[in-house]
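A short worksheet on the structure shown next.
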Amino acid sequence: MGKQEAGGLRSFVAGGTGGVCCVASGQPFDTIKVRMQNQVGGALYKNSIDCTVKTIRNEGFFALYKGMAAPLVGVVPIFAVNFLGYSHGKSLQLMNSKSQTLSPLQHGFAGSLGGLYMTALIAPGERIKCLLQIQTTGPAKYSGPMDVLKQSYREGGIRNVMRGTVITAVRDMPASGCYFAAYELTKSRFRAANGSDDLAFWQVLVAGGFAGWANWAWGIAPDVVKTRYQTAPEGKYKSAMSVVPELYKTEGVKGFFKGLGPIALRAWPANACCMLGYEMALKAMNWAAPLPEY
């Protein structure tokens with residue numbers, strides 16, 4: 001087994017492990033984010049706390065985990081493919097480099113490739129998740145993820161299932177680049193302070209938390225547009241870009257940052273857990289079968 005194949009395989013497995021950790025810790029925040037983004041004006045919820053309280057009061061605590069089946073089932077391939085793309089991005093840059101280390105910016109370029117890799121997988125799963133999450137009280141249109149998939153395909157074919165793929169790429173490619181750049185930048189600061197390449201448990205968590213915030217610093221506005229587009233009735237918008245002028249006209253600039261509160265709250269613990277899971281999985285594989293690592 002060659003070095004490049006080993007690195008890719010290890011990143012694939014470790015990325016899937018990190019993804020499971022991310023979803024389990026972040027789903028309640030994601031549900032609140034989607035509900036905040038989907039309401040027009042302040043018709044239903046005053047703020048994120050009000051949304052949380054009303055959701056639990058009206059639907060029970062586990063309503064915060066609505067739609068979790070879709071991302072949880074899909075999270076292993078999605079995160080695994082993201083980290084695989086990240087590994088390939090690093091390999092491509094190292095092939096023509098005399099140095100065997102990459103700068104945080106170069107890690108960001110590698111991360112953008114990972115964002116491209118995962119777009120095709122994440123777009124339909126995000127559509128399913130969002131359609132389930134906006135169901136509140138009253139008769140539910142969808143009974144679960146598979147029902148969303150069947151009805152979406154029946155109503156508009158594969159194009160309807162994949163609605164939002166382009167805006168997902170606009171969100172995820174730069175956001176993934178910001179994610180890995182921030183993660184490596186934070187780790188490099190800790191390494192310099194420690195005088196060692198080894199990082200403490202809490203330092204990995206902090207680096208992952210900052211990476212999550214960097215990801216959403218770019219991703220929040222495209223995410224709002226994506227949510228509106230993916231949950232809109234068939235035919236309401238010609239494309240994701242059709243959402244932008246309407247959203248600005250009705251809600252102004254602040255409309256593009258709806259759900260920022262729960263996103264910021266979710267991003268830190270979810271991505272701290274993700275990167276800890278990723279690093280621990282790499283260490284476990286290296287302990288079980290030592291292999292060259294980039």
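The values are calculated or read from the model by the stated rules, or taken from the named source; none is laboratory data. On a predicted model such as this, the values are computed, not experimentally measured, just so you know. Note that each Cβ is placed from the backbone with ideal geometry, even for glycine, and that neighbours are counted across all protein chains shown. Accessible surface is based on the protein model in full, side chains and every heavy atom, while ligands, DNA and RNA are left aside. Shrake-Rupley method; radii C 1.70, N 1.55, O 1.52, S 1.80 Å.
So in the chain, which Cys have no other cysteine's beta-carbon sitting under 4.7 angstrom from theirs? Cys51, Cys130, Cys178 - these cysteines have no disulfide-compatible partner (Cβ-Cβ under 4.7 Å) in the chain. For the residues Asp147, Asp198, Asp30, a 1.4 Å probe over the protein chains yields an accessible-area ranking, largest first, of Asp198, Asp147, Asp30. For the chain, a Kirkwood hydrodynamic radius built from all Cα pairs, placed in the Stokes-Einstein relation at 4 °C and 1.567 mPa s, yields a translational diffusion coefficient of 65 µm²/s.
Look at the alpha carbon pairs under 8 Å that are at least 6 residues apart: their mean separation over the length of the range 153-294 gives a relative contact order of 29 percent.
Between the range 234-294 and the range 97-123, the alpha-carbon centres lie 15 Å apart. Nonpolar atom fraction for the range 94-141, defined as the carbon and sulfur part of the 1.4 Å probe accessible area, stands at 63 percent.
Beyond a 26 Å Cα-Cα separation, which of these cross-linked pairs lie in this structure: Lys54/Lys236; Lys187/Lys283; Lys54/Lys238; Lys66/Lys150; Lys46/Lys187?
Details: Lys54/Lys236 29 Å; Lys187/Lys283 16 Å; Lys54/Lys238 33 Å; Lys66/Lys150 18 Å; Lys46/Lys187 38 Å.
Violating the 26 Å Cα-Cα cut-off are Lys54/Lys236; Lys54/Lys238; Lys46/Lys187.
Lys141: which aspartates and glutamates have alpha carbons under 15 Å from its alpha carbon, excluding same-chain residues fewer than 8 sequence positions away? Answer for Lys141, where 15 Å is the Cα cut-off: Glu155, Glu234, listed by chain and number.
Within the listed set Tyr86, Tyr229, Tyr45, the Gaussian network model of the chain (springs between alpha-carbon atoms below 10 Å) gives the highest mean-square fluctuation for Tyr45. On a per residue basis, the range 135-281 carries 49 Å² of accessible surface, using protein heavy atoms and a 1.4 Å probe.
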